[in-house]
1. Normalised by the residues of the chain, what does the relative contact order come to in percent, with Cα pairs under 8 Å and at least six apart?
2. Take peptides 71-80, 27-36 and line them up by average Cβ neighbours within 10 Å, highest first, as a rough protection proxy.
3. At 1.4 Å probe size, what's the solvent-accessible area of residue 40? Round to the nearest 10 Å².
4. For residue 80, give me every one of the lysines with a C-alpha distance below 19 angstrom, ignoring sequence neighbours fewer than eight places off in its own chain.
5. Quick one: angle between helix 15-28 and the longest Cα principal axis of the chain, in degrees between 0 and 90, rounded to 10, please.
6. With a 1.4 Å probe and all protein chains kept in place, how do 64, 7, 38 rank by accessible area, largest first?
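The values are calculated or read from the model by the stated rules, or taken from the named source; none is laboratory data. All figures in this text were calculated on a predicted structure; none of them were measured in a lab. Positions of Cβ are backbone-derived with ideal geometry, glycine not excepted, and every protein chain shown enters the neighbour counts. We work out accessible area using only protein heavy atoms, side chains counted, and drop any ligands, DNA or RNA first. Shrake-Rupley method; radii C 1.70, N 1.55, O 1.52, S 1.80 Å.
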Amino acid sequence: MKRPHKVIDIHGFTPEQAKRHIEFEIRRAPQNAEKILVIHGYSRGTVLRDLVRNRLDSPRISEVMPCFANDGESMIYLKKI
């Protein structure tokens, strides 16, 4: 399996900071980038997890899936442009 283009750790971010940071990283990802791994954690609530899985706004996002090996991570799959 191909490794993600980037790994983003958003522990300690506010939801607004996390959203801006992830969307910025998606915008600057190379055209051939396929996925970005986001580490959001899960033991202190679900706000960041829900933000990553449900509230990101980018035309490059194909889908966002939970990582089955770790509920504290989500994989963002990108459309190739």
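1. Across the chain, relative contact order equals 33 percent.
2. 71-80, 27-36
3. Residue 40 exposes around 10 Å² with every protein chain in place.
4. Result set, ordered by chain and number: 2, 6, 35.
5. In the chain, helix 15-28 runs at an angle near 10 degrees to the longest axis.
6. Correct descending sequence by accessible area is 7, 64, 38.
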